[in-house]
């Protein structure tokens, strides 16, 4: 599933491709269930002739502000397998392309979505599509104090809480595991039982995990442009019980936390 680094990588790819400033000339929606608001027909007509002003992101949502009259924001959620690509209209499209948006410069914005879990909105305000979310991990407001307040009195496993977008915006299953691994915290620890020092280490580990992932994607973008990879393994610990912890050589352990596959080192994470 695309997580924050994958979504941010998509945003940076679209910026580098020069999508801001391009005008959408039409819209081809082939799977109407993707469109959440308004109807598919209204979204298609509402995008026609609109110029994309910028490529923004909030959590795992991409926000494309539009010029002109009508709803001001085109919003995309990639779902589990979604990719957004800017390609020449003459280039053969991926067979799993569900939606395409021809542009005035001869190119096309294509939404490749094999499992059809992606979502599209055309709305006046992002608040019409986005759930309540905590500050972004890189925001100044994402502090030890705010994280401690989110954990206070909650006996749920810390891994489970990290997946709640109201606590750690944009963090998904893979990077929750990575952050806990870097912090040396067992994923089943009750969140309320973490000390302030442990929460401070966890907060920094979240930032470090995401920063490292961003760096991997940035380097890959430079090396492989104009066709950069969109799904890379950027975490430091193996997600395989037959593989050893890179720190202590103990085989990794696999469990399920709130039905989510979870990998950790039973020796390093306490």
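For the stretch 213-242, taking the residues that are more than 28 Å from residue 199 (Cα to Cα) and in contact with a strand residue (DSSP E or B) (Cβ under 8 Å, 6 or more places away or on another chain), the one that is surrounded by the fewest Cβ atoms within 10 Å (Cβ to Cβ) is identified as 242. Of all residue pairs spaced 6 or more apart or on separate chains, those with beta-carbon atoms under 7 Å, a first member in the stretch 123-135 that is outside the structural domain of residue 149 (by TED's automatic domain parsing) and a second member that is loosely packed, with under 14 Cβ neighbours inside 10 Å are 132/166; 133/166; 134/166; 135/141.
Within the stretch 163-173, how many residues turn out to be touching a residue at least 40 places away in the same chain (Cβ under 8 Å) and within 18 Å of residue 201 (Cα to Cα)? Spell out the reasoning first.
Applying the first criterion (touching a residue at least 40 places away in the same chain (Cβ under 8 Å)) to the stretch 163-173 yields 163, 165, 169-173.
Then drop every residue that is not within 18 Å of residue 201 (Cα to Cα), which leaves 163, 169, 171.
Final tally of qualifying residues: 3.
Screening residue 165 against (1) touching a helix residue (DSSP H, G or I) at 6+ places or on another chain (Cβ under 9 Å); (2) under 23 Å from residue 261 (Cα atoms); (3) part of a loop (DSSP other than H, G, I, E, B) leaves a single unmet condition, (1). I'm trying to understand the selection: among the residues of the stretch 30-54, which are under 18 Å from residue 113 (Cβ atoms) and either touching a residue at least 12 places away in the same chain (Cβ under 8 Å) or assigned to a strand (DSSP E or B) (or both)? Result: 30, 31, 33, 34, 35, 36, 37, 43, 44, 47.
Identify, from the list 20, 71, 65, the residue that is outside the structural domain of residue 164 (by TED's automatic domain parsing), free of Cβ contacts under 8 Å to residues at least 24 places away in the same chain and in contact with a strand residue (DSSP E or B) (Cβ under 9 Å, 6 or more places away or on another chain).
Working: 20 fails: free of Cβ contacts under 8 Å to residues at least 24 places away in the same chain; 71 fails: free of Cβ contacts under 8 Å to residues at least 24 places away in the same chain.
Unique residue meeting the criteria: 65.
For the stretch 57-64, the criterion of being surrounded by fewer than 21 Cβ atoms within 10 Å (Cβ to Cβ), farther than 19 Å from residue 232 by Cβ and more than 18 Å from the chain's Cα centre (by Cα) is satisfied by no residue at all. Taking the criterion of being surrounded by fewer than 20 Cβ atoms within 10 Å (Cβ to Cβ) and more than 9 Å from residue 24 (Cα to Cα), the residues of the stretch 101-118 that qualify are 105, 106, 114, 115, 116, 117. Taking the conditions exactly as written (closer than 20 Å to residue 268 by Cβ and surrounded by fewer than 22 Cβ atoms within 10 Å (Cβ to Cβ)), does residue 193 satisfy them or not? Criteria met by residue 193.
Scan the stretch 213-270 for residues that are part of a strand (DSSP E or B), out of contact with any helix residue (DSSP H, G or I) (no Cβ under 8 Å at 6 or more places or on another chain) and closer than 13 Å to residue 177 by Cα and the total you get is 4.
The values are calculated or read from the model by the stated rules, or taken from the named source; none is laboratory data. Predicted, not measured: the structure shown is a model, and the values here were computed from it. Cβ atoms come from the backbone with ideal geometry, glycine included; neighbour counts cover every protein chain shown.
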